[in-house]
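What follows is a set of notes on a single structure, which appears directly below.
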Amino acid sequence: FASAYNNLGVVHERRGEPEKAMVAYEKALLLDPDLAEARKNLERIKARR
């Protein structure tokens, strides 16, 4: 399910919903702390803030 949450985060980002994307990436990382793609995506959003 971690990959699904990461994909959901990508969709939220593309829709211009960074807060929702962050929540999805954080859920992905709770399920799989080693999911590098979700970590990278979350760090990218945080860097934009």
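Values quoted throughout were computed directly from the atomic coordinates according to the rules given, and no laboratory measurement underlies them. Bear in mind the structure is a predicted one, so any value in this text is a computation, not a measurement. We place every Cβ from the backbone using ideal geometry, glycine too, and count neighbours over all the protein chains shown.
List of remarks:
- Residue 40 versus residue 23: modelled label distance in nm, points set 7 Å from Cα along the beta carbon direction: 2.6 nm
- Helix-only CD estimate at 222 nm, as mean residue ellipticity for the chain, using -39500 (n - 2.57) per DSSP H run (n ≥ 4): -26000 deg cm²/dmol
- Tensor-based shape of the chain (alpha-carbon gyration tensor, a/c under 1.5 rounded, otherwise prolate or oblate): oblate
- Note on the chain: dipole from Cβ charges, positive end direction compared against 18, 6, 41; the farthest Cα belongs to 18.
- If only the Cβ of Lys and Arg carry +1 and only the Cβ of Asp and Glu carry -1, the dipole of the chain around its Cα centre is close to 240 debye.
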